[in-house]
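Chemist: Could you have a look at this structure, given as structure tokens, before my questions?
The values are calculated or read from the model by the stated rules, or taken from the named source; none is laboratory data. Just so it is clear, the structure is predicted and the values come from calculations on it, not from any experiment. Cβ placement follows ideal geometry from the backbone for every residue including glycine, while neighbour counts extend to all protein chains displayed.
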Amino acid sequence: MSRKKILITGGAGFLGSHLCDRFIKEDYHVIAMDNLITGDLKNIEHLFKLENFEFYHCDVSKFVHVPGHLDYVLHFASPASPIDYLKIPIQTLKVGSLGTHNLLGLAKAKKARILVASTSEVYGDPLEHPQTEEYYGNVNPVGPRGVYDEAKRFQEAMTMAYHTYHGVETRIVRIFNTYGPRMRLNDGRVLPAFIGQALRGEDLTVFGDGSQTRSFCYVDDLVEGIYRLLMSDYVMPVNIGNPDEITIMQFAEEIIKLTGTKQKIIQKELPVNDPKQRQPNITKAKTILNWEPKVSRSEGLKITYEYFKSLPKDVLFARDHKQFETYIK
Ligand code: UDP
């Protein structure tokens, strides 16, 4: 029997590369696509030797061509951290809007099922807590996060339109904060920021008073949820995340304990429109997909810390770390 074929955009990124691994494990033919602006070939170089793996260096915002048949498309290409939106706002808007349009067109032409990566950011700074899929959100379209949030909201609208108007088989996952090996050390996200600071012997920068909350999901749990959603017949958006909520101040303290750093916590200005609280309601994922997270934060953080510790010194002290510092006021 011939293998099922899947296209994964953003395949060299943090989540995309873990999805490549998962579908290789399931014996698919995997095509990873990436323009490598925020992705890194190191994340997938172990797959290049496989005959059922291909890499296309391509910007999906421009045009997407894949020869032959396709069974599935996973659209995971996008910058995904506030520091990236500030650096590359136009590309962020384009990949969520034009890129999604191109991939929906591809899925339609190939009669493939497509799953798009949406985000808890569609809820903005939420006035409903925890967030259910029925909540419409509280987003500032012209704030610094607007380029990401609105592109993702447009993406969901476009995906539903292709489903209702063209009958394309679509799936929408709303991803909450996720962590694990292969996160970019200097992308400004809180976990690599804190662990990087601990490893470099710097103080940990908590933004604001640290009372804002997040709920962190380990990457293997997320991948399992996405796999189940793709294989399900459910077309409305589904939250995938870990409801175990924590304040950023408590999180900094956990990282200090984990790394054994002697550094202290210092407070910096809270970025504009930084959501005050975030926790997924995962009732839908539980009932429809029979899914819930299995990896505790203490287990997941240990594995992730080992990964960051194993990075070479020049990566740990890389120049784009300086760009991150200019973002912190
Ligand atoms: N944060 C922080 N220190 C940092 C980086 C981030 O206190 O060095 C905070 C940030 O203000 C936010 C939370 O940690 O409240 C999560 O930030 P991240 O960028 O990881 O994700 P998002 O805000 O998109 O959930």
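Chemist: Which of the following residues is within 27 Å of W291 (Cβ to Cβ) and without any contact (Cβ under 8 Å) to a residue 12 or more places away in the chain: E128, E156, E133?
Modeler: On the way: E156 fails: without any contact (Cβ under 8 Å) to a residue 12 or more places away in the chain; E133 fails: without any contact (Cβ under 8 Å) to a residue 12 or more places away in the chain.
Every option except E128 fails the conditions.
Chemist: Another one. Looking at L104 and the list (1) part of a loop (DSSP other than H, G, I, E, B); (2) more than 16 Å from the ligand (Cβ to nearest atom); (3) in contact with a strand residue (DSSP E or B) (Cβ under 8 Å, 6 or more places away or on another chain), which single condition is not satisfied?
Modeler: (1)
Chemist: Out of the stretch 195-226, which residues are hydroxyl-bearing (S, T, Y) and more than 7 Å from the ligand (Cβ to nearest atom)?
Modeler: So in the stretch 195-226, the residues hydroxyl-bearing (S, T, Y) come out as 205, 211, 213, 215, 218.
Answer for the stretch 195-226, where residues must be hydroxyl-bearing (S, T, Y) and more than 7 Å from the ligand (Cβ to nearest atom): S211, T213, S215, Y218.
Chemist: Out of K87, K110, K62, I need the residue that is surrounded by fewer than 23 Cβ atoms within 10 Å (Cβ to Cβ), among the basic types (K, R), more than 19 Å from L229 (Cβ to Cβ) and touching a Leu at 6+ places or on another chain (Cβ under 7 Å). Which one? Full working, then the answer.
Modeler: Working: K87 fails: touching a Leu at 6+ places or on another chain (Cβ under 7 Å); K62 fails: touching a Leu at 6+ places or on another chain (Cβ under 7 Å).
Within the list K87, K110, K62, the selection yields K110.
Chemist: Within the set of pairs 6+ apart or on separate chains, which have a first residue in the stretch 183-203 that is under 14 Å from K262 (Cβ atoms), a second that is within 8 Å of the ligand (Cβ to nearest atom) and of a type outside the set (D, E, K, R), and C-beta atoms under 6 Å apart?
Modeler: Short answer, once both residue conditions are applied: Q197/L204.
Chemist: Output the residue which, of all residues in the stretch 25-46 that are in contact with a helix residue (DSSP H, G or I) (Cβ under 6 Å, 6 or more places away or on another chain) and outside any loop (DSSP other than H, G, I, E, B), is surrounded by the fewest Cβ atoms within 10 Å (Cβ to Cβ).
Modeler: Per the criteria, the residue is N43.
Chemist: While we're on this one: Between I83, I114, I90, which is within 13 Å of the ligand (Cβ to nearest atom) and among the hydrophobic types (A, V, I, L, M, F, W, C)? Full working, then the answer.
Modeler: On the way: I114 fails: within 13 Å of the ligand (Cβ to nearest atom); I90 fails: within 13 Å of the ligand (Cβ to nearest atom).
After applying the criteria, what remains is I83.
Chemist: Here is a follow-up. Just to be sure before I move on: is T159 farther than 25 Å from N43 by Cβ, among the hydroxyl-bearing types (S, T, Y) and modelled with pLDDT of 95 or more in the structure I sent?
Modeler: yes
Chemist: Same structure, new question: What number of residues in the stretch 274-295 are under 19 Å from the mean Cα position of the chain (by Cα) and either modelled with pLDDT under 95 or part of a loop (DSSP other than H, G, I, E, B) (or both)? Show your work before the answer.
Modeler: So in the stretch 274-295, the residues under 19 Å from the mean Cα position of the chain (by Cα) come out as 274-275, 277-282, 285, 291-295.
Filter again for either modelled with pLDDT under 95 or part of a loop (DSSP other than H, G, I, E, B) (or both), leaving 274-275, 277-279, 281-282, 291-295.
Qualifying residue count, the stretch 274-295: 12.
Chemist: What is the one condition in (1) hydrophobic (A, V, I, L, M, F, W, C); (2) crowded, with 20+ Cβ neighbours inside 10 Å; (3) farther than 19 Å from D274 by Cα that I175 does not satisfy?
Modeler: (3)
Chemist: Could you check V168 against (1) away from the ligand (no atom under 16 Å from the Cβ); (2) more than 20 Å from the chain's Cα centre (by Cα); (3) closer than 23 Å to P293 by Cβ and say which number it fails?
Modeler: (3)
Chemist: Related question: Here are P192, P181, P237: which of them is under 28 Å from K42 (Cβ atoms), under 18 Å from the mean Cα position of the chain (by Cα) and away from the ligand (no atom under 15 Å from the Cβ)?
Modeler: P181 is the lone residue from the list that is under 28 Å from K42 (Cβ atoms), under 18 Å from the mean Cα position of the chain (by Cα) and away from the ligand (no atom under 15 Å from the Cβ).
Chemist: Among (1) among the charged types (D, E, K, R); (2) farther than 21 Å from T205 by Cα; (3) at pLDDT 95 or above, there is one condition D314 misses while meeting the rest; what is its number?
Modeler: (3)
Chemist: Quick check on my filter: what residues within the stretch 113-128 are closer than 19 Å to G11 by Cβ, buried (at least 20 other Cβ atoms within 10 Å of the Cβ) and of a type outside the set (A, V, I, L, M)?
Modeler: Residues of the stretch 113-128 closer than 19 Å to G11 by Cβ: 113-119.
Restricting the remaining residues to those that are buried (at least 20 other Cβ atoms within 10 Å of the Cβ) gives 114-119.
Across the stretch 113-128, the qualifying residues are S118, T119.
Chemist: Take the residues in the stretch 47-61 that are in a loop (DSSP other than H, G, I, E, B) and touching a residue at least 12 places away in the same chain (Cβ under 8 Å); name whichever of them is farthest from A151 (Cα to Cα).
Modeler: Narrowing the stretch 47-61 to residues in a loop (DSSP other than H, G, I, E, B): 48-52, 58-61.
The next check asks that each one be touching a residue at least 12 places away in the same chain (Cβ under 8 Å); those that pass are 50, 52, 58-61.
Values: L50: 34, N52: 32, C58: 20, D59: 16, V60: 14, S61: 12 Å.
Among them, the one singled out is L50.
So that you can scan it fast, the table gives a plain yes or no per residue for (1) more than 30 Å from M236 (Cα to Cα); (2) touching a residue at least 60 places away in the same chain (Cβ under 8 Å); (3) among the basic types (K, R):
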{"residue": "Q250", "(1), (2), (3)": "yes, no, no"}
{"residue": "K276", "(1), (2), (3)": "no, yes, yes"}
{"residue": "I282", "(1), (2), (3)": "no, no, no"}
{"residue": "P293", "(1), (2), (3)": "no, yes, no"}
{"residue": "K313", "(1), (2), (3)": "yes, no, yes"}
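Chemist: Those residues that are of a type in the set (A, V, I, L, M) and part of a helix (DSSP H, G or I), I need them from the stretch 107-133; list them, please. Spell out the reasoning first.
Modeler: Restricting attention to the stretch 107-133, the residues satisfying the condition of being of a type in the set (A, V, I, L, M) are 107, 109, 112, 114-117, 122, 127.
Result: A107, A109, V122.
Chemist: Hey, among F251, F308, which residue is under 25 Å from F23 (Cα atoms), within 15 Å of the ligand (Cβ to nearest atom) and either part of a helix (DSSP H, G or I) or at pLDDT below 95 (or both)? So that I can check it myself, show each step before the final result.
Modeler: Details: F251 fails: under 25 Å from F23 (Cα atoms).
The unique qualifying residue is F308.
Chemist: Can you name every residue in the stretch 57-99 that is under 23 Å from I44 (Cα atoms), modelled with pLDDT of 95 or more and hydroxyl-bearing (S, T, Y)?
Modeler: Once the filter is applied, which keeps residues that are under 23 Å from I44 (Cα atoms), modelled with pLDDT of 95 or more and hydroxyl-bearing (S, T, Y), the stretch 57-99 yields S61, Y72, S78, T92.
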